[in-house]
1. Only one of Gly286, Gly302 is exposed (fewer than 15 other Cβ atoms within 10 Å of the Cβ), at positive phi and outside any helix (DSSP H, G or I); which?
2. Looking at (1) open to solvent by 40 Å² or more (accessible area, probe 1.4 Å); (2) polar (S, T, N, Q); (3) touching a helix residue (DSSP H, G or I) at 6+ places or on another chain (Cβ under 7 Å); (4) at pLDDT below 95, which one does Thr268 not meet, given that it meets all the others?
3. Just to be sure, is Ala229 in contact (Cβ under 8 Å) with a residue 40 or more places away in the chain, assigned to a loop (DSSP other than H, G, I, E, B) and open to solvent by 10 Å² or more (accessible area, probe 1.4 Å)?
4. Starting from segment 266-277, take each residue that is farther than 15 Å from Ile173 by Cβ and list its partners that are at pLDDT 95 or above and among the acidic types (Asp, Glu), counting only C-beta distances under 6 angstrom and pairs at least six apart or across chains.
5. Could you please let me know if Asn296 is in contact with a Phe, Trp or Tyr (Cβ under 9 Å, 6 or more places away or on another chain), surrounded by 12 or more Cβ atoms within 10 Å (Cβ to Cβ) and modelled with pLDDT of 95 or more?
6. Here is a list: Ile138, Ile126, Ile121. Which entry is under 26 Å from Phe191 (Cα atoms), modelled with pLDDT of 95 or more, β-branched (Val, Ile, Thr) and open to solvent by 10 Å² or more (accessible area, probe 1.4 Å)?
7. Under 6 Å by Cβ, and 6 or more places apart or on different chains, what pairs join a residue from segment 1-30 that is closer than 20 Å to Glu52 by Cβ and of a type in the set (S, T, N, Q) with one that is in a loop (DSSP other than H, G, I, E, B) and modelled with pLDDT of 95 or more?
Amino acid sequence: MKATLKYLAGIAGPSGFGSSSTAEQVTQNSSQFLPSHLTALITGGSSGIGAETARVLAKRGVRVVIGARDLKKASEVRENIQRESPKAEVILLEIDLSSFCSVQRFCTEFLALDLPLNILINNAGIFSQDLEFSEDKIEMTFTTNYLGHFLLTEILLDNMIETAEKTNIQGRIINVSSVIHSWVKRDGFCFTDILNGKNYNGTRTYAQSKLANILHAKEIARQLKVRNARVTINAVHPGIVKTGIIRDHKGLIIGSLFFIASKLFKSTSQGASTTCYVALSPKTEGVSGKYFTDCNESKCSGLANDEFEAQKLWNNTHALHQKRLHQAQFEEFLPLKFVDSLV
């Protein structure tokens, strides 16, 4: 109850910011501390809090690479950013997080640009009320929100570590999660069942994907510490924001309740504030493996904080990607008719 009242009142936490703070406000004084020539990569930057995050980072002088499924929408975002900040450098690359091939192709294209990578923001996300499967035959929401970002991070991680070593600037990874992760119980988080869409429920699967985003941050933080790498990773809850995902959820709530609840929603700029704060604030220097809400470090669920569960999820996910990679390499050398017989 205390936390709810604090949220509604917009009371600032230890960082000096709270639920009512906007992305511009939380980065206003960061500019004077920022090194020059920072590069940030943002997935899902063509709309919602991703687009707002891109706009604000560009306004603070950060080179922004937007990974988007819809390049036409992303082009409109770039035009708006450059209209406001004419010197902003915004690069667009196509990516579909639900496709492992698309993620790998995106990484190849990004690495070919030979750019540093200081900030990686795993922001893209979807919610589907109906059971759908990706081209890799895995449940769509979990694939897009978690598995695709896992693969993206794995491929680009060494580049981030090298960038940090060469520039002496700490790299930062941000996984966009959600408070809804706390709805997931231990006996309801079975990796195989999630992949297969067993007993599918859209809201539950979305919550499972957001739990996975936090567990991913926890495990990668541990691995980076072991490697003594100058890269941090944290998870953030942007708040309940008026975005496309919320509109998809609307059908689950009767009209009057949705109208009342909508008055508690954050604006897009307020929703992007925590991501921007963790990405740029000098106060988050060296902070890793944590969960942030309203621009302040917060508590996640006991399951999300379980190191064993985090390692188990990483192992399962890594094994899945390795299996898919080996299968793809195997099929590349087979006659087409034989490949068809395997499907």
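The values are calculated or read from the model by the stated rules, or taken from the named source; none is laboratory data. Since this is a predicted model, take the numbers as computed values, not measurements. All Cβ positions, glycine included, derive from the backbone under ideal geometry; neighbour counts span all protein chains shown. With ligands, DNA and RNA removed, areas are computed over all heavy atoms of the protein, side chains included. Shrake-Rupley method; radii C 1.70, N 1.55, O 1.52, S 1.80 Å.
1. Values: Gly302 fails: at positive phi.
Being exposed (fewer than 15 other Cβ atoms within 10 Å of the Cβ), at positive phi and outside any helix (DSSP H, G or I) holds for just one of Gly286, Gly302, which is Gly286.
2. Thr268 satisfies every listed condition except (4).
3. On the way: in contact (Cβ under 8 Å) with a residue 40 or more places away in the chain: yes; assigned to a loop (DSSP other than H, G, I, E, B): yes; open to solvent by 10 Å² or more (accessible area, probe 1.4 Å): yes.
When the stated conditions are applied, Ala229 passes them.
4. Cβ pairs passing all conditions: Thr268/Glu52; Ser269/Glu52; Ala272/Glu52.
5. Details: in contact with a Phe, Trp or Tyr (Cβ under 9 Å, 6 or more places away or on another chain): yes; surrounded by 12 or more Cβ atoms within 10 Å (Cβ to Cβ): yes; modelled with pLDDT of 95 or more: yes.
Considered against the rule, which asks whether it is in contact with a Phe, Trp or Tyr (Cβ under 9 Å, 6 or more places away or on another chain), surrounded by 12 or more Cβ atoms within 10 Å (Cβ to Cβ) and modelled with pLDDT of 95 or more, Asn296 comes out as yes.
6. Working: Ile138 fails: open to solvent by 10 Å² or more (accessible area, probe 1.4 Å); Ile121 fails: open to solvent by 10 Å² or more (accessible area, probe 1.4 Å).
Exactly one of Ile138, Ile126, Ile121 is under 26 Å from Phe191 (Cα atoms), modelled with pLDDT of 95 or more, β-branched (Val, Ile, Thr) and open to solvent by 10 Å² or more (accessible area, probe 1.4 Å), namely Ile126.
7. Correct list of pairs: Ser15/Cys295; Ser19/Asp294; Ser21/Cys295; Thr27/Arg60; Ser30/Ser281.
Every residue, every condition in (1) among the small types (Gly, Ala, Ser); (2) touching a residue at least 40 places away in the same chain (Cβ under 8 Å); (3) in a helix (DSSP H, G or I), yes or no:
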| position | (1), (2), (3) |
| --- | --- |
| Asp136 | no, yes, no |
| Thr144 | no, yes, yes |
| Leu147 | no, yes, yes |
| Leu151 | no, yes, yes |
| Ile155 | no, yes, yes |
| Asp158 | no, no, yes |
| Ala164 | yes, yes, yes |
